[in-house]
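Asker: Once you've had a glance at the structure underneath, I'll fire off some questions.
The values are calculated or read from the model by the stated rules, or taken from the named source; none is laboratory data. Remember, it's a predicted structure, so these values are computed and weren't measured experimentally. Every residue, glycine among them, receives a Cβ derived from its backbone with ideal geometry; neighbour counts consider all protein chains shown.
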Amino acid sequence: MTEISSHPYDALKPDKILDAMEGAGFTVNGRLFALNSYENRVYQIGIEDRPPVITKFYRPGRWSEAQIREEHEFTAQLLAADIPVVAPMVMPSGDTLGRCDEFLFAVFPQRGGQAPDTSVTDTLYRLGQWLGQLHNIGDTASFSHRPVMDVLSGIEDNHRFLIENHWVPDDLRPAWDSLIPDLVDHCARRIDEAGEVHSLRLHGDCHGGNILCREEQMLFVDLDDCRTGPAIQDLWLLLNGDDIERGQQFGELLEGYEMFRDFNRRERHLIEPLRCYRQISHCTWLAKRWDDPAFPRFFPWFAQPRFWSDQILSLREQLAALQAPSINVPGQY
């Protein structure tokens, strides 16, 4: 297990944050408020004679400058097409991306709202409409630097990292090690059932926490994980409940989506492999961030054996879902 050590974010003190903003051409008033964010560091910063702004300092070493600029370019294209997205501002310095020592940062307008209530069918229908339009823009060009989703190699790479860095307790290794090959095999079977699937530029992490609703308006936020992949990746994270509820929700999403864009119904076979990939990726994400002092503080249970026994149980349930007969009802989950 990795020992906690110093982290680059330790150097991101209030004075440095405000100096970075002034260097980008903002006249700050000294007000600084840290917002909840684990992957990056995000702050509300007061500006003289203007509303406050939101500044995101990207985690050093996660994305290259070229990858971040592709995120900004994609978001700007969505905004230009009237897709409701919170895009980075062009700073007084003339750029959407600033640099302060080892940190790259972007500034966003402050926007309020709450997560969408996906139990309301009209909400799902409207989300589907916007995602159809978002994907139309996403399909007009390709990423050159952002990653491509690869479920099978992703699961294997994450498994390898967790084992090589001794995160899975020794007494649980036999159960864990026996599960991974079965998960990969059954994910591969589901992927084969989907057949050839078109890939395009995606939001990439389109769950309710990355959508703001206020006064009947919706805003997509945080394209930090945008990448190339199948359209279903931006849909399945909005589904919740049991199989029947998810099927009904999926039908509502697709009804709105297909007002603007055709959807390949065979992509539904990818949902369980994507869920499996996300679950294992989440474990690896926590492991790779353990040198960041914020992570042991906010996720103390991650280093406990109970967490890993619960993960094995959850992955066994996921294996059962992968082994279940595929549903073959058009428009359903």
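Asker: When you go through Ala194, Ala175 one by one, which is the residue that is in contact with a His (Cβ under 6 Å, 6 or more places away or on another chain), surrounded by 15 or more Cβ atoms within 10 Å (Cβ to Cβ) and either of a type in the set (A, V, I, L, M, F, W, C) or more than 15 Å from Arg278 (Cβ to Cβ) (or both)? Let's see the steps before the verdict.
Answerer: Details: Ala175 fails: in contact with a His (Cβ under 6 Å, 6 or more places away or on another chain).
Result of the check over Ala194, Ala175: Ala194.
Asker: Taking Gln318 and the conditions (1) surrounded by 16 or more Cβ atoms within 10 Å (Cβ to Cβ); (2) polar (S, T, N, Q); (3) not in a helix (DSSP H, G or I), which numbered condition does it fall short on, given that it satisfies the others?
Answerer: Gln318 satisfies every listed condition except (3).
Condition check ((1) more than 27 Å from Ser144 (Cα to Cα); (2) buried (at least 19 other Cβ atoms within 10 Å of the Cβ); (3) modelled with pLDDT under 95) across all residues:
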| residue | (1), (2), (3) |
| --- | --- |
| Asp224 | no, yes, no |
| Ile232 | no, yes, no |
| Leu253 | yes, yes, no |
| Arg261 | no, no, no |
| Pro273 | no, yes, no |
| Tyr277 | no, yes, no |
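Asker: Within region 123-141, can one find any residue that is under 16 Å from Arg201 (Cα atoms), in the same structural domain as Asp242 (by TED's automatic domain parsing) and among the acidic types (Asp, Glu)?
Answerer: Yes; the residues of region 123-141 include at least one that is under 16 Å from Arg201 (Cα atoms), in the same structural domain as Asp242 (by TED's automatic domain parsing) and among the acidic types (Asp, Glu).
Asker: Among the residues of region 144-174, write down those that are over 20 Å from the mean Cα position of the chain (by Cα) and of a type in the set (Lys, Arg).
Answerer: Arg160, Arg173
Asker: Any residue in region 211-223 that is over 15 Å from Leu238 (Cα atoms) sitting within a Cβ distance under 7 Å of a residue that is of a type in the set (Ser, Thr, Tyr)? List the pairs, counting only those 6 or more apart or interchain.
Answerer: From region 211-223, the pairs are Leu223/Thr75.
Asker: Condition (residue is acidic (Asp, Glu), in contact (Cβ under 8 Å) with a residue 24 or more places away in the chain, over 30 Å from Val168 (Cβ atoms) and outside any strand (DSSP E or B)) applied to region 16-37: is it met by at least one residue? Before the answer, list the steps.
Answerer: Step one: of region 16-37, the residues acidic (Asp, Glu) are 19, 22.
Next, from what is left, pick out any that are in contact (Cβ under 8 Å) with a residue 24 or more places away in the chain: 19.
Within this subset, residues satisfying the condition of being over 30 Å from Val168 (Cβ atoms) are 19.
Adding the requirement that they be outside any strand (DSSP E or B) leaves 19.
Yes, region 16-37 has at least one match.
Asker: Quick one: which strands (runs of 3 or more DSSP E) lie wholly within region 44-139 and hold at least 1 residues that are aliphatic (A, V, I, L, M) and at pLDDT 95 or above? Break it down stepwise before answering.
Answerer: Values: elements: 50-57, 98-100, 103-109.
The qualifying strands (runs of 3 or more DSSP E) are 50-57, 103-109.
Asker: Determine the pairs where a residue that is more than 24 Å from Glu71 (Cα to Cα), located within region 147-164, has a partner that is part of a helix (DSSP H, G or I) and basic (Lys, Arg) with Cβ atoms under 9 Å apart, the partner being 6 or more residues away or on another chain.
Answerer: Phe161/Lys288; Ile163/Arg173
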